[in-house]
Amino acid sequence: MKYKSDIKLTAYILLVSMLTLSGCSVIRKATYPPDFIYLDNKTVTSSMQKLAFSMDKIDRVLQQINLTPTPDQRTIIINELNAIEKISDTLGAGTQKTNHFFIDNHINQFQSDVIKVRKSIETDKSNYYQVGKLVGSCMSCHVMRPDSFIL
């Protein structure tokens, strides 16, 4: 008999948990404006990790460049900059407002910088200073938020 009561208790807990979680999204839809994007911590963390991976890849390529980059090195950097631009869209770039005000205040400038740097690499095949500066720009936001900085 104890087995059946354990199953009922577990089912009840699961049911209450599911209803509570689904209720949160309904409340969010009712309390936020329609153009508001709610970014959960998993989305932010995942996107930031992808950005860090791409930035690290670019940084490693920059360290290997000897005076003039090879076409392969240039292609890798351009591809990663394109990926970074797409990733920044997931963080609310554009006119969207999210629940992450710090990201909202900086993501548009970051995305603009990424596009500018990519275009400069596409036109001038020898000047990679701006790429290095972009890689370092991540620290400007993360220095202000040391509690969320992940090594």
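The values are calculated or read from the model by the stated rules, or taken from the named source; none is laboratory data. Keep in mind that this is a model prediction, so the values were computed, not measured. For neighbour counting, all protein chains shown are included, and Cβ atoms are generated from backbone atoms with ideal geometry for every residue, glycine included.
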Matching option when the condition is more than 15 Å from the chain's Cα centre (by Cα), in the same structural domain as residue 135 (by TED's automatic domain parsing) and at negative phi, among 98, 45, 68, 90: 68
In the range 133-146, is there at least one residue being modelled with pLDDT under 80 and not in a helix (DSSP H, G or I)? yes
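Here are 135, 131, 143, 114: which of them is closer than 23 Å to residue 37 by Cα and either aliphatic (A, V, I, L, M) or in contact (Cβ under 8 Å) with a residue 40 or more places away in the chain (or both)?
Values: 135 fails: closer than 23 Å to residue 37 by Cα; 131 fails: closer than 23 Å to residue 37 by Cα; 143 fails: closer than 23 Å to residue 37 by Cα.
Only one candidate passes the filter, namely 114.
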Where residue 68 falls short, out of the listed (1) β-branched (Val, Ile, Thr); (2) in contact with a Ser or Thr (Cβ under 8 Å, 6 or more places away or on another chain); (3) at pLDDT below 90; (4) surrounded by 13 or more Cβ atoms within 10 Å (Cβ to Cβ): (4)
Give the residues of the range 49-65 that are crowded, with 16+ Cβ neighbours inside 10 Å and polar (S, T, N, Q), sorted by residue number. 54
For the range 71-102: of the residues being modelled with pLDDT of 90 or more and β-branched (Val, Ile, Thr), which is surrounded by the fewest Cβ atoms within 10 Å (Cβ to Cβ)? 75
Regarding the range 27-48, can at least one residue be identified that is small (Gly, Ala, Ser) and at pLDDT below 85? yes
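Considering the range 107-144 alone, what residues qualify as being hydrophobic (A, V, I, L, M, F, W, C) and either closer than 13 Å to residue 81 by Cβ or not assigned by TED's automatic domain parsing to the domain that holds residue 57 (or both)?
Quick first cut of the range 107-144, residues hydrophobic (A, V, I, L, M, F, W, C) only: 107, 110, 114-115, 117, 121, 131, 134-135, 138-139, 141, 143-144.
Result: 110, 114, 115, 117, 121, 131, 134, 135.
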What single numbered condition from (1) touching a residue at least 60 places away in the same chain (Cβ under 8 Å); (2) farther than 18 Å from residue 44 by Cβ; (3) part of a helix (DSSP H, G or I) fails to hold for residue 103? (2)
